[in-house]
1. Taking the options 169, 177, name whichever one is under 12 Å from the mean Cα position of the chain (by Cα), crowded, with 24+ Cβ neighbours inside 10 Å, modelled with pLDDT of 95 or more and closer than 27 Å to residue 233 by Cα.
2. If you take the residues in segment 99-115 that are aliphatic (A, V, I, L, M) and farther than 12 Å from residue 131 by Cα, which one is modelled with the highest pLDDT?
3. Out of 117, 142, I need the residue that is under 22 Å from residue 64 (Cα atoms) and in contact (Cβ under 8 Å) with a residue 12 or more places away in the chain. Which one?
4. Looking for whichever is closer than 18 Å to residue 271 by Cα, of a type in the set (D, E, K, R) and either free of Cβ contacts under 8 Å to residues at least 60 places away in the same chain or assigned to a loop (DSSP other than H, G, I, E, B) (or both) here; the options are 198, 217, 208, 188. Which one fits?
5. Are there strands (runs of 3 or more DSSP E) fully within segment 236-303 with at least 2 residues that are more than 21 Å from residue 199 (Cβ to Cβ)? List them.
6. Just to be sure, is residue 322 surrounded by fewer than 20 Cβ atoms within 10 Å (Cβ to Cβ), among the basic types (Lys, Arg) and either modelled with pLDDT of 85 or more or outside any loop (DSSP other than H, G, I, E, B) (or both)?
7. When the residues of segment 116-161 are filtered to those that are more than 21 Å from residue 195 (Cβ to Cβ) and hydroxyl-bearing (Ser, Thr, Tyr), which remaining residue is modelled with the highest pLDDT?
Amino acid sequence: MKAGTRHLALFYAIRCRTSSRRHAIDDDAAAVASARLRWAIGCARQLIATLGRGERLERHAGALDRVANRAQRWLASEPPQPLQAIGGLVDRIAARRRRRSAGIVAEHANLVDLDLDGLELSRILLRGAILSDLTARRAACDAADARSTRWLRCRLDDSSLAVAVFSGSTLEHCDLSRANLEGTSWHRATVAHGVLPRASLADARLDRAVFSDCDLRGADLRLVRQPAVASLAGARFVRCDLRDTSWAGRELGGATFVDCKLFGAHGAPALTGVMIEAPDVSCQGDGSQIGTQREVVAGWRTAVGAANVPAIGLVPSSAASRMQQRR
C-alpha cells in the first residue's frame with residue numbers, strides 16, 4: 001500500500017469533516033457526509049495499523065485521533081447506514097446538483113503537519129485555510145484556489161501550482177524551489193523569507209504583492225502570453241535575491257526594488273517608472289558593489305546573449321569605484 005494513500009485518507013477525513021458541517025441543513029447531504037467521514041477515519045486507521053510503527057506514523061495516528069474526536073459532534077446524531085442507502089442518497093444529490101465537485105474542498109480548514117508529497121490535488125479549494133508545516137513536494141496543485149490563505153513553513157518544492165490564485169495570501173518561510181507557478185495570481189499577497197530559486201513565475205500576476213527577504217535566484221518572471229493580466233504595478237521586492245532572473249516582456253513601471261541583489265538580471269523589460277533603491281550588483285551578492293538606478297537600468301535592458309552589452313553587475317559602479325579607491 002503506497003504511503004500517499006494514507007496521507008490522502010487523512011486529508012479526505014478533514015475534507016469530509018468540513019463538508020458535513022457545511023451541508024448540515026441538507027438531510028441527504030449530511031447523511032452522505034457522515035458516511036464518508038466514518039469511512040475516511042476507518043480507512044486511515046486501518047492503513048496506519050498495517051504500515052507498522054514509527055515516529056512518523058505515531059504522529060499521523062495522533063493527528064487522526066484529533067480529527068476523529070473533533071468529528072464526534074457531527075457523528076453523534078448520525079447512525080451508520082447501509083451502503084445501498086448511501087448510494088441512493090448520493091444519486092439523489094448528484095441529480096440535484098447536476099455536476100460533480102471541481103476538486104477537494106478544504107476551505108477555511110486548519111491543515112497542520114500533513115504529508116501530501118506527489119499527490120494529485122488539482123483544483124483544490126483552500127480559500128481562507130491555514131496551512132502549517134505541510135509538505136506537498138512534487139504535488140500537482142494546478143488551478144488551486146488559495147485566496148486569503150496563510151502558509152507557514154510549508155514545503156512545496158518541485159510542485160506544480162500553475163494558474164493557482166494566492167490573492168490576499170501570506171506565505172512565511174515556505175520552500176517553492178523549482179515550483180511551476182506559471183500564470184499564478186499574487187495580487188496583494190505577502191511572501192516573507194520565501195525560497196523560490198529557479199521557480200517559474202512566467203505570466204504571473206504580481207501587482208501590489210510584497211516579497212521580502214526571498215531567494216528568487218534564477219527564477220523565470222517572463223511575460224509570455226498575458227500582457228494585459230500579468231501586471232507588476234505596485235509590487236515591492238525588499239532585500240530579495242534576484243540574481244540571474246529573467247524579465248523578458250515585463251513592464252516594471254510602478255514596481256519597487258529595495259536592497260535587492262540584481263547581478264545578472266536580464267530580459268530587457270520596460271523600465272519606465274520603476275523604482276530601484278540601493279541595488280547590490282556584486283557577483284557574489286555580498287554588498288561589495290552598490291550600484292545606482294541608472295546603472296541597473298542600463299544593464300537590465302539587455303537580453304540573454306546580447307553581444308557587447310554588459311549585464312547587471314558588470315556595469316562599473318561609481319560608488320563601488322570610490323569605495324575601492326578608499327581601500
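The values are calculated or read from the model by the stated rules, or taken from the named source; none is laboratory data. Here the structure is a predicted model, which means the values were calculated and not measured. Quick reminder, even Gly has a Cβ in these numbers, built from the backbone with ideal geometry, and neighbours come from all protein chains shown.
1. Numbers: 177 fails: crowded, with 24+ Cβ neighbours inside 10 Å.
Being under 12 Å from the mean Cα position of the chain (by Cα), crowded, with 24+ Cβ neighbours inside 10 Å, modelled with pLDDT of 95 or more and closer than 27 Å to residue 233 by Cα holds for just one of 169, 177, which is 169.
2. Within segment 99-115, the first condition is being aliphatic (A, V, I, L, M), and the residues that meet it are 102, 104-106, 109, 111-112, 114.
With farther than 12 Å from residue 131 by Cα added as a condition, the list becomes 102, 104-105.
Working: 102: 57, 104: 86, 105: 89.
Going through the qualifying residues, I end up with 105.
3. Working: 142 fails: under 22 Å from residue 64 (Cα atoms).
Only one candidate qualifies: 117.
4. Values: 198 fails: closer than 18 Å to residue 271 by Cα; 217 fails: closer than 18 Å to residue 271 by Cα; 188 fails: closer than 18 Å to residue 271 by Cα.
It is 208.
5. Details: elements: 236-238, 256-258, 275-277.
It comes to 275-277.
6. On the way: surrounded by fewer than 20 Cβ atoms within 10 Å (Cβ to Cβ): yes; among the basic types (Lys, Arg): yes; either modelled with pLDDT of 85 or more or outside any loop (DSSP other than H, G, I, E, B) (or both): yes.
Considered against the rule, which asks whether it is surrounded by fewer than 20 Cβ atoms within 10 Å (Cβ to Cβ), among the basic types (Lys, Arg) and either modelled with pLDDT of 85 or more or outside any loop (DSSP other than H, G, I, E, B) (or both), residue 322 comes out as yes.
7. 148
This table checks each residue for (1) on the phi < 0 side of the Ramachandran plot; (2) at pLDDT 90 or above.
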| position | (1), (2) |
| --- | --- |
| 231 | yes, no |
| 234 | no, yes |
| 239 | no, yes |
| 243 | yes, yes |
